[in-house]
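Trainee: This is the structure, below, for whatever I ask next.
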Amino acid sequence: MNSTAALRGVTVVLGDRAILRGFDLEIAPGVTVVRGPNGAGKSTLLRALAGLIPLSRGTRVVPERTLYLGERPGLLHGVSARDNLRFLASFRGVSPDAVGPALASWGLTARDADRPVETLSAGQRRRAALSRIDIERCDLVLLDEPFAEIDDAAATRLMQKIRVLAGERRAVVIATHGRPELDASANRVVHLS
Amino acid sequence: MTIARIWRIAAREALAERGHPDGFVAAITFVATLILVESLAVGPLAAGQPPVAAALFWIAMAFAAILATTRSFDRELEDDAIDAILALPGGRDALYGGKVVALTALLALVALVGGLLSGVLLSLAIALPGHLALVLVAGVLGLPPVIVLFVTLALRLRARGALVPILALPVLVPQLVAATNGTAAAIVGDATGALGWTGLLIAFALVYSVLGLTIVPTALE
């Protein structure tokens, strides 16, 4: 298989509990959906792929351009959405000019984009975070419950965006409880128990 | 390049502090209150003794630094902003340096205000103001590398608010002694003493900066 990313023989222990044990996953271009009940390790799997938690055993192979969008937006309070995204884009060598149009395409007005993020609604913060997909244009996109807190319009846009990314041969890994329609277009559905 | 990333994180920190200057305000309030209480409770004669004034000033600075650093990382943990940095290429390596640079700038402002307040409220007659400025700069440079290191190591612990002072303050004792002696020396006009203690403070700052830059990226996993 022509993999974009992989976890091989991975064990992740948090506290005294092994969340993943000897886990293997090859991620090909396209959509991979991760499903499972609460506490099954969906978020841990994505965090392991993002390099945010140490592996007790095994190896992780991910491209340099990997984008992780966690359960929370990951934007610094006290700073506007625009400045947050400009800062994050600068680490990828992306022009700050890309930020404004991306935020607008996710439905944030220029006025909202310049407000401190903590004054935005949860849905607006999530949409600002999702606009990183357009700004940073990564080869591997890790989305943890990306449909939480967003309205139908933003959810539709996200579904379209996921299809576009898959069409561009990028890999998208989505951990979610909902959106069963995702499974039909996914390369692979991983069930964690 | 890591230096550029460090500056980016420092600039982001400055933006956040400008938006919500709670770290700065808390640090200034703490330092000003301590100096005011010192001048009122101990009396201007005793409080104006160079070693007493210097010791209280640096104790206040140490606590103010812990306060501002803890607030800075609390802000990172709201909405998991720190995860966005750690998941970026080079983010883990730049985080420590960026925080140290930003907090050094913030503490420099706090030291300036605290120093002026001490001078006025305690009626300090400073024999060597240039040397005093050098000691203050070196002392301020030495605090964030240690405190950011311990805050980072305790980042994911629930009791970090209690743990950071317990871990950091004993390590800071030699620096606080050096800063106190250097400040007192500059106030009374002992140029050699002031410069000697300044050198020691710079050495502390360098050692802990190198230590932090080396171990924090690994510790953040």
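The values are calculated or read from the model by the stated rules, or taken from the named source; none is laboratory data. Given the structure is predicted, the values throughout are model-derived calculations rather than measurements. Positions of Cβ are generated from backbone atoms using ideal geometry, with glycine treated the same way; all protein chains shown enter the neighbour counts.
Matching residues to (1) within 26 Å of B:ARG71 (Cα to Cα); (2) modelled with pLDDT under 95:
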{"position": "A:ASN38", "(1), (2)": "no, yes"}
{"position": "A:LEU49", "(1), (2)": "no, no"}
{"position": "A:GLU64", "(1), (2)": "no, yes"}
{"position": "A:GLU71", "(1), (2)": "yes, yes"}
{"position": "A:ASN84", "(1), (2)": "yes, no"}
{"position": "A:ALA104", "(1), (2)": "no, no"}
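Trainee: Scanning the stretch A:149-193 for residues that are more than 14 Å from the chain's Cα centre (by Cα) and assigned to a strand (DSSP E or B), which turns out surrounded by the most Cβ atoms within 10 Å (Cβ to Cβ)?
Mentor: Filtering first and then ranking leaves A:VAL190.
Trainee: Scan the stretch A:54-69 and give yes if some residue there is charged (D, E, K, R), touching a residue at least 40 places away in the same chain (Cβ under 8 Å) and over 25 Å from A:LEU158 (Cβ atoms), otherwise no.
Mentor: Checked against the condition, which is being charged (D, E, K, R), touching a residue at least 40 places away in the same chain (Cβ under 8 Å) and over 25 Å from A:LEU158 (Cβ atoms), the stretch A:54-69 yields at least one hit.
Trainee: For the stretch A:9-30, which positions are within 21 Å of the chain's Cα centre (by Cα) and within 14 Å of A:LEU46 (Cα to Cα)?
Mentor: Listed by number, the residues that qualify are A:VAL10, A:VAL12, A:ILE19, A:LEU20, A:PHE23, A:ASP24, A:LEU25, A:GLU26, A:ILE27.
Trainee: What do you reckon, is A:LEU25 facing another protein chain (nearest Cβ under 10 Å), more than 28 Å from B:GLU17 (Cα to Cα), surrounded by 15 or more Cβ atoms within 10 Å (Cβ to Cβ) and in contact with a strand residue (DSSP E or B) (Cβ under 6 Å, 6 or more places away or on another chain)?
Mentor: Considered against the rule, which asks whether it is facing another protein chain (nearest Cβ under 10 Å), more than 28 Å from B:GLU17 (Cα to Cα), surrounded by 15 or more Cβ atoms within 10 Å (Cβ to Cβ) and in contact with a strand residue (DSSP E or B) (Cβ under 6 Å, 6 or more places away or on another chain), A:LEU25 comes out as no.
Trainee: Just to be sure, is B:GLU38 among the charged types (D, E, K, R), more than 10 Å from every other protein chain (Cβ to nearest Cβ) and closer than 26 Å to B:PHE57 by Cβ?
Mentor: Answer is yes for this residue.
Trainee: Restrict the check to the stretch A:99-121 and report whether at least one residue is facing another protein chain (nearest Cβ under 10 Å) and under 18 Å from the mean Cα position of the chain (by Cα).
Mentor: No: the stretch A:99-121 contains no residue that is facing another protein chain (nearest Cβ under 10 Å) and under 18 Å from the mean Cα position of the chain (by Cα).
Trainee: Can you list the helices (runs of 4 or more DSSP H) lying wholly within the stretch B:1-67 that have 1 or more residues being under 21 Å from the mean Cα position of the chain (by Cα) and under 26 Å from A:GLY74 (Cβ atoms)?
Mentor: Correct list: B:2-19, B:22-37.
Trainee: Tell me which of these A:SER3 doesn't satisfy, since it passes every other one: (1) within 18 Å of A:THR176 (Cβ to Cβ); (2) part of a loop (DSSP other than H, G, I, E, B); (3) of a type in the set (Ser, Thr, Tyr).
Mentor: Unmet for A:SER3, out of (1) within 18 Å of A:THR176 (Cβ to Cβ); (2) part of a loop (DSSP other than H, G, I, E, B); (3) of a type in the set (Ser, Thr, Tyr): (1).
Trainee: Just to be sure I understand the filter: pairs with C-beta atoms under 9 Å, separated by 6 or more residues or on different chains, first member in the stretch B:1-24 and without any contact (Cβ under 8 Å) to a residue 40 or more places away in the chain, second member small (Gly, Ala, Ser) and not in a helix (DSSP H, G or I). Which pairs pass?
Mentor: B:MET1/B:GLY90; B:LEU15/A:GLY78; B:LEU15/A:SER80; B:ARG18/A:GLY78; B:GLY19/A:GLY78; B:GLY19/A:SER80; B:PRO21/A:GLY78
Trainee: Something else about it: Among the residues of the stretch B:205-220, write down those that are in contact with a Leu (Cβ under 8 Å, 6 or more places away or on another chain) and surrounded by fewer than 18 Cβ atoms within 10 Å (Cβ to Cβ).
Mentor: Within the stretch B:205-220, B:LEU211, B:ILE215, B:ALA219 meet the criteria.
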